[in-house]
Each structure stands twice: as C-alpha cells, then as structure tokens.
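Q: Could you have a look at this structure, given as structure tokens, before my questions?
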Amino acid sequence: MKIAILGTAHPLRGGLAAFNERLAYQLQEQGHDVTLYSFSLQYPSFLFPGKTQFTDEPAPAGLKILTVVNSVNPLNWLSVGVAMNKEKYDLVIVKYWLPFMGPAFGTILRRAKKNKHTRVVCIVDNIIPHEKRPGDPQFTKYFIKAVDAFVTMSKDVLKDVKTFTDKPSYFTPHPVYDSYHEAVSKLVACEKLKLDSNKKYILFFGFIREYKGLDWLLEAMADERLRAAGIELIAAGEYYNKDVEAKNNSIVEQHQLQSRVHLKTDFIPNSEVRYYFSAADLVVQPYKHATQSGITQIAFHFEKPMVVTNVGGLAEVVPDGKVGFVAEPNPISIADAILKFYEPNSIPGLHENIQEEKKKYTWETFTKVMMDATPNP
C-alpha cells in the first residue's frame, strides 16, 4: 500500500515522534511505501513551555519525512491536503492526542480524501485531553468527521471515542518501544549517571506534568519506611509547567529529600534513555489520571518491573503481582507498593513473567489490527 503518516517526526522530539517513526519502519518492513508528513510548526509557544521542541540527534535512517505542516496556518492546511490528494494514498494514518490539532488535521484530511480513494485511520492517544481548554469538543468533532476508523491503545479511550462517534473503533495495546538500544549493566548505567550502583533506585521517567503525579511519588519518598530501606528516586524528564516544578521542589525541601531524590530535569535524548532504565530496579508511574502510557512500553523493552496507579488503562498492561504492583492513586498506597516490591521474592518468577507479558505487545500485532480496521475504498 501507499501510506502517509500525518503527525510528529524528526527533527521534533518526544514520544509522538518516536511512535510514528517506529510505526513507519514496521510498515516498510511489511513492504509498504511510507511517507511521514510532519510539522514545520507543531506548537505555538503557549502550548509548549519546554525548552525546545527539536532534537539534536541525527534523522532516522531510511525514512521519508516531509516537514510541511503548520498547525496554525489554514492556507497551509489546504495546500498540504491538496498535495496529499494528488499522491492518492491508499491509507493515511493520523495520531490524535490534542484537540488543538483538530482543525489542522481535519482540514488536511478532508482535502486528501477528495480523490475518493484515500482512507483515514486515526490512532487515538486521547480523545478527551488531560488538560482541557475552550473549544476542545468542537475541534475534536470537526476532526472526527474526516476519519473512517479509529484504533485506541486503552479500553478507556475506546469508550471515550464511542461517546463521539459510531464509526468503526478498535482496541489494541500500545506496542513495546524497542528503538532505545539495549540495556546496559546497572554498574555501567550508574557510572554514566554519576550514581552509586550499590543503592536501590526507582525511576520516574518522561515529561513532568501535573497529571503524572510526581508530587505524590515525592510524598511517598518522604515515608520513613522508604527512607529506612535506603530507596532513592531518579526523576528524569523535562518540566512542562513552572508551577508544578515549584511545588515539587517545595516538597523536596520540606521533607529534606535532596540526598535521596536525583532530579534530571532536562530532556533525555533517545541515546541516553537506556542508562536511566538500566540504573533502576523499578519504574514507578504515580499518575493521577491516564489513558495509556508509552513509558510502560519502554519499561517492557528494558524488562523492568513497574508500580502503576489504578487509573486509566495502566492496570490493563501491568498485571498486579505478576510484572509489578498496582497501587491506589495516593502517596501511601504508592509507598506500600514500592516497599512490597523490595520484599524478598515478592513476585516469584518476575523476570520470566515480564518476558512473557512483553510478547503481547508486538508491532506486528498492532499493525494487523490497524490494517484490519481500514475500510475499503
């Protein structure tokens, strides 16, 4: 098939780009002709308070990436849509994660489909955003009308999609992020990060936003039981909000956690991700609300156990007592789960369980569901 992927790609950074690029490789391996249509302007500054939207890392080899979409210029949407229409793609795959993108994507897709041949499948991260803004429902409804079928990566999001549309909608779990190189030993990882490899480390990883609950994890770190057990936290990721950063820094100071919390709050390049996961004994996702999480699938790639909160679709992919523990969404329950993990033989056959569970989340499975969802012209 001749396929276009509409969304984020190099030189933009982050999980959205990583997903689209990995998906493109998978489709190319299956014999499809793939072009990625990425952004010349993805976010205006008020939607991206981080340091930069761009990576310094080299472009992924062997992918055709066109950096042509301007998210705020309607004339651009029309021209990109006309260009895609002329290419007469069999399939356009679009990732939807933020209603702000609804007008741009909806307009581009309407133009692209005027050839009466192109079909559109949307991979939905969130149909209802984590942080709501005026106009969200209207932008999403406009976008949805241009899509033929939907694929979600959590059952909660599938339910959300069905509140907006009765178009074909399917669920398949987020595949493993296997593009972050191989793990290294804890010793090598700790040397790279300038940490003591003899200590117990838990990891919080990814962009730091209010809904991801790092404040709850910091409150859990203040629990005297964790202090007595010698457990330390690596929090690796860039802050999205200065108020959240100030609140978390205040918790660290209030509970005198400076010696036990290692804050690495710059963006982590893809080439360094493996050191953070390899240094950690346990990955903790203390989210206050969630849909699915790419962090879970990075943890599966590095075969790391997890503690997740019982929100959204997190517990769907982290079976309690098998590959980690599911905590209630509060600091005490999170602390309990972390302590339980460090009890001797708390999960018999843990490593084998993780390897077995990981097999469910292949890119072959994901793309099969996506292709089966694609309607005929």
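The values are calculated or read from the model by the stated rules, or taken from the named source; none is laboratory data. Please read these numbers as outputs of a predicted model, since none were measured by experiment. When we count neighbours, we look across all protein chains shown, and the Cβ atoms used for this are built from the backbone with ideal geometry, even at glycine.
Q: Please count how many residues of region 128-160 are crowded, with 16+ Cβ neighbours inside 10 Å and within 22 Å of Tyr361 (Cα to Cα).
A: Of the residues in that region, 9 qualify.
Q: Output the residues belonging to region 291-319 that are under 15 Å from the mean Cα position of the chain (by Cα), farther than 27 Å from Glu182 by Cβ and buried (at least 24 other Cβ atoms within 10 Å of the Cβ).
A: Answer for region 291-319, where residues must be under 15 Å from the mean Cα position of the chain (by Cα), farther than 27 Å from Glu182 by Cβ and buried (at least 24 other Cβ atoms within 10 Å of the Cβ): just Thr291.
Q: Here is a further query. Go through region 269-283 residue by residue and tally those that are more than 16 Å from Leu217 (Cβ to Cβ) and surrounded by 20 or more Cβ atoms within 10 Å (Cβ to Cβ).
A: Of all residues in region 269-283, those more than 16 Å from Leu217 (Cβ to Cβ) come to 269-275, 277-279.
Next, from what is left, pick out any that are surrounded by 20 or more Cβ atoms within 10 Å (Cβ to Cβ): 273-275, 277-279.
Here the count works out to 6.
Q: Is region 211-218 home to any residue that is in contact with a strand residue (DSSP E or B) (Cβ under 8 Å, 6 or more places away or on another chain) and of a type in the set (Gly, Ala, Ser)?
A: There is at least one residue in region 211-218 that is in contact with a strand residue (DSSP E or B) (Cβ under 8 Å, 6 or more places away or on another chain) and of a type in the set (Gly, Ala, Ser).
Q: Next question. If I filter region 110-140 down to residues being touching a strand residue (DSSP E or B) at 6+ places or on another chain (Cβ under 7 Å) and charged (D, E, K, R), which single residue comes out as modelled with the lowest pLDDT?
A: Across region 110-140, the extreme among qualifying residues is Asp125.
Q: Could you check region 242-257 and list, in sequence order, the residues that are in contact (Cβ under 8 Å) with a residue 40 or more places away in the chain and surrounded by 16 or more Cβ atoms within 10 Å (Cβ to Cβ)? Even if it seems obvious, please write down each step before you answer.
A: Applying the first criterion (in contact (Cβ under 8 Å) with a residue 40 or more places away in the chain) to region 242-257 yields 242, 248.
Selection gives Asn248 alone.
Q: Please tell me if Asp223 is closer than 16 Å to Leu263 by Cβ and of a type in the set (Asp, Glu). Reasoning before the result, please.
A: Details: closer than 16 Å to Leu263 by Cβ: no; of a type in the set (Asp, Glu): yes.
Taking the combined requirement at face value, the residue does not satisfy it.
Q: Which condition number does Val69 fail, the rest of (1) within 22 Å of Phe366 (Cα to Cα); (2) not in a loop (DSSP other than H, G, I, E, B); (3) not charged (D, E, K, R) being met?
A: Of everything listed in (1) within 22 Å of Phe366 (Cα to Cα); (2) not in a loop (DSSP other than H, G, I, E, B); (3) not charged (D, E, K, R), Val69 misses just condition (1).
Q: Taking region 262-298 only, how many residues are out of contact with any Pro (no Cβ under 8 Å at 6 or more places or on another chain) and not in a loop (DSSP other than H, G, I, E, B)?
A: 19
Q: How many residues are surrounded by fewer than 20 Cβ atoms within 10 Å (Cβ to Cβ) and at pLDDT 95 or above if we restrict to region 2-21?
A: So the answer is 1.
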